[in-house]
Amino acid sequence: MGAASICKGEVASGRNAVLGEAKSSGSEESRKRALYKAFESKDARFDGQVFVGVSSTGIYCRPVCPYMPKFENCTFYETSAEAEKAGYRPCLVCRPELAPGNSSVDAYANLAQRTARLLKENCTSGEGMERLAARLGYTGRHLRRAFEREFDVTPLQYLQTCRLQLAKSLLADTDLPISQVAVASGFGSVRRFNDVFKQNYRLTPSDLRKRGNRQARFEGAIVMRLGYRPPYRFDDLLGFFRLRALDGVEVVGDDFYARTVRIFSGEGDAVTGWVRVSNDADRNALAVTMSESLLPATSQIMARLRRQFDTDCDPCAVYKGIASLDEAVSGAAVPGTRLPGCFDGFETAVRAILGQQVTVAAANKLAARIVETYGAPIDTDIGGLTHAFPAPEEVLALNSIEDAFGELGVIRTRSRTIAEIARLLAEGELDFGSGAIVSEQMERLLAVKGIGPWSANYMAMRILSYPDAFMETDAGIKHALPDFSPAERLRLAEKWRPWRSYATIALWNSLGA
């Protein structure tokens with residue numbers, strides 16, 4: 001079935017209808033039958049929305065699993081953590097840890113969802129719950145209460161599931177020694193790892209590895225996967241990143257994206273290396289190859305790539321929301337459109353500031369000069385990948401940012417704006433992390449001299465993965481909708497809420513290169 005057929009076809013019988021029926025059903029029996037329909041269809045659009053525990057086998061599965069259990073043996077769960085708490089172990093065939101996440105717009109304002117994202121992203125960091133709660137602006141007790149009410153599991157139980165699922169991916173997809181898998185997954189010791197793994201999965205790590213189907217391994221690198229829901233327009237994402245590729249930091253080929261990586265721990269230590277992303281369309285997944293040097297930051301890297309490549313998106317819900325684009329620009333609404341995010345928030349913020357009122361090519365040249373002069377050298381042995389973008393603290397350490405950047409061609413007003421963004425991030429007054437509340441961060445951005453509505457919305461869309469940003473004064477939007485004034489474009493965009501960011505990308509894509 002083609003991409004257009006998946007989303008343009010019988011949407012009423014698709015994901016929204018089945019899951020909507022399940023949620024609105026008057027009895028538990030009718031809810032269960034509605035969810036069983038989703039599994040019966042084997043439609044990848046349901047993937048990540050629900051999991052099934054099978055009493056006859058003691059395992060839990062994704063909706064795309066090739067095996068179909070009997071109705072009377074099924075119990076349904078919204079998260080894999082709930083299934084594991086109920087005593088089920090993950091299926092070795094469909095691998096629940098690869099399921100794409102649940103992309104709900106309301107999740108951005110929900111404390112429990114924000115906490116879950118942070119736990120999953122930082123499950124190997126060793127950060128305690130009190131510190132995590134402080135980052136979110138709540139007490140640990142309030143955070144735990146909200147989390148348990150939302151997910152019916154404690155944050156620590158959820159954290160353990162995240163670590164186990166990461167370990168399972170490493171065991172199944174790589175040939176790393178089990179001791180390295182234990183450390184990379186956030187466990188303090190191999191003994192503790194073995195005990196928890198066996199208790200939850202009824203298998204030892206060695207037993208699971210024997211059943212795995214590990215990928216071909218590159219020298220000094222490992223390969224993992226990120227699942228997504230089709231259709232998925234990977235080539236459009238590559239086109240977007242290629243136009244903005246930062247020399248020294250990024251390389252975009254015909255069928256892959258690669259970049260340098262430098263991630264700091266809470267103690268200030270950095271891990272460095274490289275990642276390469278390609279599309280495995282047959283498996284509805286992205287193949288992520290990364291240097292082994294990045295193992296300590298595996299969970300952070302995979303979380304960043306999820307946002308950058310928008311793998312948690314529900315493409316059919318998005319298409320339904322922006323389909324009326326075709327009334328204004330014929331053919332603009334395309335099933336599978338994704339939101340191009342970013343890997344490094346500060347890097348993208350600087351690029352956005354440099355790009356104010358200049359072309360993308362001009363902004364690229366200025367950013368490349370900053371990388372060449374002040375970026376951190378990284379040895380990758382990969383052509384074109386030589387530096388990491390300077391961190392906010394490194395920019396602030398310059399004697400005079402205005403003079404330093406001025407020599408590279410950056411005007412003083414933009415240098416001052418970059419310096420203020422760096423200060424806010426370094427002092428924790430601005431948050432580009434996955435737990436940030438978008439409305440709060442946009443207010444802080446707009447309070448910065450030199451950041452207007454265009455820049456704030458662009459950063460929210462790219463850095464914070466905000467699905468409902470719109471820039472009515474943007475040059476690309478103006479070219480795509482030439483017969484409308486800015487006010488008329490803004491009114492027209494009301495039709496596309498809450499997916500105006502996707503409408504923006506679709507309009508830009510309609511212009512071609």
Query raised in the report: Picking from E488, E494, which residue would you name as being part of a helix (DSSP H, G or I) and at pLDDT 95 or above?
Result: E488
Query raised in the report: So which residues in segment 329-361 are outside any loop (DSSP other than H, G, I, E, B) and modelled with pLDDT of 95 or more?
Result: G345, F346, E347, T348, A349, V350, R351, A352, I353, L354
Requested in this report: Answer yes or no: is there a residue in segment 458-469 that is touching a Phe, Trp or Tyr at 6+ places or on another chain (Cβ under 6 Å) and in a loop (DSSP other than H, G, I, E, B).
Outcome: yes
**Report entry** Matching residues, segment 150-183, being of a type in the set (G, A, S) and either at pLDDT 90 or above or farther than 28 Å from Q113 by Cβ (or both)
**Finding:** A167, S179, A182
Query raised in the report: Any chance segment 393-404 includes a residue that's part of a loop (DSSP other than H, G, I, E, B) and of a type in the set (A, V, I, L, M)?
Result: yes
Report summary line: Apart from one, (1) outside any loop (DSSP other than H, G, I, E, B); (2) free of Cβ contacts under 8 Å to residues at least 40 places away in the same chain; (3) more than 25 Å from the chain's Cα centre (by Cα) all hold for G512; the odd one out is (1)
Query raised in the report: Can you pull out the residues in segment 112-126 that are outside any helix (DSSP H, G or I) and either in contact with a helix residue (DSSP H, G or I) (Cβ under 9 Å, 6 or more places away or on another chain) or modelled with pLDDT of 75 or more (or both)?
Result: N122, C123, T124, S125
Query raised in the report: What tally of residues in segment 379-392 results from selecting those that are loosely packed, with under 15 Cβ neighbours inside 10 Å and in contact (Cβ under 8 Å) with a residue 24 or more places away in the chain?
Result: 1
Requested in this report: Examine segment 219-242 for a residue that is of a type in the set (D, E, K, R), within 15 Å of the chain's Cα centre (by Cα) and surrounded by 22 or more Cβ atoms within 10 Å (Cβ to Cβ), and state whether such a residue exists.
Outcome: yes
Report summary line: Across segment 57-74, the tally of residues that are outside any loop (DSSP other than H, G, I, E, B), surrounded by fewer than 21 Cβ atoms within 10 Å (Cβ to Cβ) and either in contact (Cβ under 8 Å) with a residue 24 or more places away in the chain or touching a helix residue (DSSP H, G or I) at 6+ places or on another chain (Cβ under 6 Å) (or both) stands at 2
Query - Residue check, V277 crowded, with 21+ Cβ neighbours inside 10 Å, at pLDDT 95 or above and within 20 Å of the chain's Cα centre (by Cα) - result: yes
Report task. Answer yes if at least one residue in segment 404-427 is under 30 Å from R500 (Cα atoms), at pLDDT below 95 and touching a Lys or Arg at 6+ places or on another chain (Cβ under 7 Å), and no otherwise. Result -> no
Query - Of all residues in segment 1-56 being under 24 Å from A333 (Cβ atoms), part of a helix (DSSP H, G or I) and among the polar types (S, T, N, Q), the one that is modelled with the lowest pLDDT - result: S13
Requested in this report: Report yes if S291 is in contact with a strand residue (DSSP E or B) (Cβ under 9 Å, 6 or more places away or on another chain) and surrounded by 22 or more Cβ atoms within 10 Å (Cβ to Cβ), otherwise no.
Outcome: yes
Report task. Could you list all residues from segment 437-451 that are in contact (Cβ under 8 Å) with a residue 40 or more places away in the chain, in a loop (DSSP other than H, G, I, E, B) and out of contact with any Lys or Arg (no Cβ under 7 Å at 6 or more places or on another chain)? Result -> I437, I451
**Report entry** Hey, P100 within 23 Å of D173 (Cβ to Cβ), crowded, with 22+ Cβ neighbours inside 10 Å, in contact with a Ser or Thr (Cβ under 8 Å, 6 or more places away or on another chain) and at pLDDT 90 or above or not
**Finding:** no
Report task. Please work out which one of (1) touching a residue at least 60 places away in the same chain (Cβ under 8 Å); (2) in a loop (DSSP other than H, G, I, E, B); (3) aromatic (F, W, Y) is the condition Y502 fails and give its number. Result -> (2)
Query raised in the report: Given the conditions (1) touching a helix residue (DSSP H, G or I) at 6+ places or on another chain (Cβ under 7 Å); (2) surrounded by fewer than 17 Cβ atoms within 10 Å (Cβ to Cβ), and given that G137 satisfies all but one, which numbered condition is not satisfied?
Result: (1)
Query raised in the report: For segment 175-208, what are the residues that are β-branched (V, I, T), crowded, with 21+ Cβ neighbours inside 10 Å and in contact with a Lys or Arg (Cβ under 6 Å, 6 or more places away or on another chain)?
Result: none
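The values are calculated or read from the model by the stated rules, or taken from the named source; none is laboratory data. If you're wondering where the values come from, they're calculated on a predicted model, not measured in any experiment. Here Cβ is always computed from backbone atoms with ideal geometry, including for glycine, and neighbour counts include all displayed protein chains.
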